[in-house]
Amino acid sequence: MQGSAAEQKDLPGWPPAVEARGQSRRLPDFLQSVNLKYVKLGYHYLITHLLTLLVIPVMVVILVEACRTDPTDLWQLWIHLQFNLVSILVCSAVLVFGTTVYIMTRPRTVYLVDYACYRPPDHLQVRYTQFMEHSRLCGNFNESALEFQRKILERSGLGEETYVPDAMHYLPPRPSMAAARDEAEQVMFGSLDKLFRNTGVKPKDVGILVVNCSLFNPTPSLSAMIVNRYKLRGNILSFNLGGMGCSAGVIAIDLARDLLQVHRNTYAVVVSTENITQNWYFGNRKSMLIPNCLFRVGGAAILLSNRSADRRRAKYRLIHVVRTHRGADDKAFRCVYQEQDDDGKVGVSLSKDLMAIAGGALKTNITTLGPLVLPISEQLLFFAALVAKKLFNSKVKPYIPDFKLAFEHFCIHAGGRAVIDELEKNLQLRPIHVEASRMTLHRFGNTSSSSIWYELAYIEAKGRMRRGNRVWQIAFGSGFKCNSAVWQALRNVKQSPGGPWEDCIDRYPVQIIDWIPASQH
């Protein structure tokens, strides 16, 4: 039974537009009811499959015409070809030759067979209170420096289980060349032992070795230490990358990829680490105290291959590497700078312009990467926005491509909470996309160039990596550099035995809040 229009107007959810009887059958406002993100998604699918949609009608027409062809016409075509045997042979020879040249010169596929992240022993863990107490008792820091470190820790996003090297647990600390070597050996050999055990590859089978460590470069080199420990073969191609910052891991991958294009049927091992023992800052300049609060012990070993037989067991294949170097600009060059303070104490100074410089490097990097990975729909929207900005209105906001359409997973270098926040905002990512980065920062701290591998291990441990998924690893480093690596999963990937998250993944994600000392609760 229907009530009056006045009664219906007061019902919950009834549109206010039914004041008059003639408006009672009015259609809803579709501009208000349709979610624009679905419109955009439909546009994306339309443009992405535009070629297929155009080709299908053509193929249907060709098939219909072929069905209408008379058998006599086919016989006449065969007779015609018999009288042009030379032409057929020449065309066949050109086709075979071209195919052979293409197969011989095309880039070889580089597979990521497996990787291993170092998990330090529990006795190297450092809690907030322990960190501050040791900083106070060592006697090197004044009250202003101690208060600054406390504030950095509160906002850092680091948890209570990160690791510092053994030499930093003594009072006073005992940094030395011998202690730095011990740290390097523990990290590199610990990750390599696990890698060789999980993959079954013998050290003698490795033909290429690339090691990157920015601040610790002894003689003999770190790569020579690995050659000596594992008795690698005498003709191995070994490289040691130093002073290249937190983005050196991607640079090492790029170097290994280039070498695998030249040397057939070869394994390449990349070891990414950083050394803290001899690079702890014991002065009071605030810009040089930040690394003490953020950098922690960690490292990763990665096994790459160009053998086609390894495709069956490999986790990923390398799709793209894009490198951006802003070192020609003086501000960018000096924004992460190792130097001595006024008292002669060595440390790494971080400029206040770091985030702005990182943003500029990121913009350049994604401008290069975008056309390689983004669907054509996003590229057309970006181009249209650029034209509109240039021709019609300089105040038009630039269109930010939706990289979520290009990648399922993001491994953003866990350089600090501010870095992750800015990339989440500027790339318009959702919390789940930066979860791996935040949790890696919380559990392991900033492990420099290896942090992107702890993040990938987190995604695998969560069971989120599916066949065909694309991963974007992006890292920033001194110089100033922004480097990207793109991988594609070859199967549903699970975490390898002995992974860094093996015994704690069920506790994550955790809510990250600013730390407040118990005395202030």
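The values are calculated or read from the model by the stated rules, or taken from the named source; none is laboratory data. Just so we're clear, the structure is a prediction, and the values are computed from it rather than from any experiment. Positions of Cβ are generated from backbone atoms using ideal geometry, with glycine treated the same way; all protein chains shown enter the neighbour counts. Please note that ligands, DNA and RNA were not included when accessible areas were found on the heavy atoms of the full protein model with its side chains. Shrake-Rupley method; radii C 1.70, N 1.55, O 1.52, S 1.80 Å.
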In debye to the nearest 20, the charge dipole size for region 430-521, taken about the Cα centre with +1 at each Lys and Arg Cβ and -1 at each Asp and Glu Cβ, equals 480 debye
Charge tally for neighbours of Met288 with beta carbon under 12 Å away, counting Lys, Arg as +1 and Asp, Glu as -1, is -1
Expressed in nanometres to one decimal, the distance between label points 7 Å along Cα→Cβ at Arg150 and His169 is 2.6 nm
Checked against a 24 Å limit on the C-alpha separation, the offending pairs among Lys404/Lys425; Lys404/Lys462; Lys404/Lys494; Lys389/Lys481; Lys194/Lys462 are Lys389/Lys481
Of the convex hull drawn through the C-alpha atoms of region 361-483, the volume per residue in Å³ is 112 Å³
Listed by chain and number, the aspartates and glutamates with an alpha carbon less than 19 angstrom from that of Lys151, same-chain partners under 8 positions apart left out, are Glu133, Glu143, Glu160, Glu161, Asp421, Asp514
Quick shape check on region 183-275: root eigenvalues a ≥ b ≥ c of the Cα gyration tensor, a/c under 1.5 is rounded, otherwise prolate if a/b tops b/c, else oblate, and it reads oblate
So the pair-distance distribution of region 230-363, from every Cα-Cα distance in 10 Å bins, comes to percents of 9, 31, 31, 19, 9, 1
Counting only protein heavy atoms and leaving out ligands, DNA and RNA, the solvent-accessible surface of Arg119 at a 1.4 Å probe, in Å² to the nearest 10, equals 60 Å²
Per its Cα gyration tensor (rounded if a/c is under 1.5, else prolate when a/b beats b/c, else oblate), region 279-330 is best filed as oblate
Taking a straight Cα-to-Cα line shorter than 12 Å from Lys331, and setting aside same-chain aspartates and glutamates fewer than 8 residues away, one finds Asp353
